[in-house]
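Below you'll find the structure, written out as structure tokens, and then a few comments.
We did not get these values from a lab; they are worked out from the coordinates using the rules stated. Model, not experiment: these values are computed from the prediction. A quick note on method: Cβ atoms are made from the backbone with ideal geometry, for glycine too, and the neighbour counts reach across all protein chains shown.
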Ligand SMILES: [Zn+2]
């Protein structure tokens, strides 16, 4: 099963969030609409099933690279390349304990900033004519990883400290975690960056 997360009942999770007594103040809808993302707020779906750990990070590009327009200048392109390289090292980024013996099985990065075609590509020129600070064109970066872990019992906590250290514009990450101990919805911040599996 390649995309474990999609097969899991995320529709049930708002209930889990309520039970966890977590502040639930984001105002975008629960269906992952990209139109209403909030800068500073990332989302992470995590699922641990047997030896398979799946992580899906969805973030406004602003949090990671500091802008959301297509990179045109050399400086912008360099910034995007740095971020991409960081996202290509998920074992470091997610601080997975060596004892768990996790290796990356698949990883996939998606973003208009990585050259993935947006739905309509005509508007870029219009934006350029109009000026710079138009925020109707939000861009996200999605990173999807699947790990195979030989000793998943060693996965005691999911520690996002390196996410906050690496991408300091990230203020909080809304985590939805499914593990053998159940489902949790937790809002994680740099000050409290770890949660239990
Ligand atoms: Zn945005």
Starting from the Cα of residue 159, step 7 Å toward the Cβ, then list every residue of the range 64-94 with an amide N under 14 Å from that point. 91-94
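Order by neighbour count: 106, 73, fewest other Cβ atoms within 10 Å first, most last. Walk me through the numbers on the way to the answer.
Values: 106 12, 73 8.
If I rank by nearby Cβ atoms, fewest first, I get 73, 106.
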Note down the relative contact order for the range 150-197 as a percent, whole number, built from C-alpha pairs under 8 angstrom at least six residues apart. 44
Please arrange 110, 38 by counting, for each residue, the other beta carbons lying within 10 Å of its beta carbon, fewest first. 110, 38
